[in-house]
Amino acid sequence: MTTHTGGCQCGAIRFRAEGVLKDSSICHCRMCQKAFGAYYAPLVSVRGVEFHWTRGQPKRFQSSNHVKRGFCGDCGTPLTYEAPDGMAIAAGAFDDP
């Protein structure tokens, strides 16, 4: 089984995803631009894999009626895009993006 690990910039939050990561995307909606402070947000879906927070938990911001965004409350690293159809992780948060 393939294991992918990652976390925030300061190390307060860490995660592990076990399984094949199949879907990645680049979102350029205005909410992603604001959340990432950039023109787009590179995301990797963790639907269908076993995902665990191994250190800490992200803080969450309800950015719309349907989406929550997770981030490190200590260093501010964007970590998640959480929608009813599943969660995606910021590609740059992986140890080996």
So, counting K/R as plus one and D/E as minus one, what does the shell of residues with Cβ under 14 Å around Gly37 add up to? +3
Within straight-line cross-link reach of Lys68, lysines at Cα separation under 20 Å, skipping those fewer than 8 residues along the same chain: Lys34, Lys59
Can you tell me the dipole magnitude for the chain around its Cα centre, using point charges on the Cβ only (Lys, Arg +1; Asp, Glu -1), in Debye to the nearest 20? 340
How would you order 46-55, 11-20 from highest to lowest mean count of nearby Cβ atoms within 10 Å? 11-20, 46-55
Counting each DSSP H run of 4 or more residues in the chain as -39500 (n - 2.57), what helix-only mean residue ellipticity at 222 nm follows after dividing by all residues, to the nearest 500 deg cm²/dmol? -2000 deg cm²/dmol
What aspartates and glutamates could a cross-link reach from Lys22, if we take a straight Cα to Cα line under 20 Å and drop same-chain neighbours fewer than 8 places away? Glu50, Glu82, Asp85, Asp95, Asp96
Out of these labelled values of Cα Rg over 2.2 N^0.38 Å, [x] 2.05; [y] 0.99; [z] 1.37, which was calculated from the coordinates shown here? [y]
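A short reminder: the numbers here are calculations on the coordinates, not readings from a lab. Keep in mind that what you see is a predicted model, and the values were worked out from it rather than measured. Note that each Cβ is placed from the backbone with ideal geometry, even for glycine, and that neighbours are counted across all protein chains shown.
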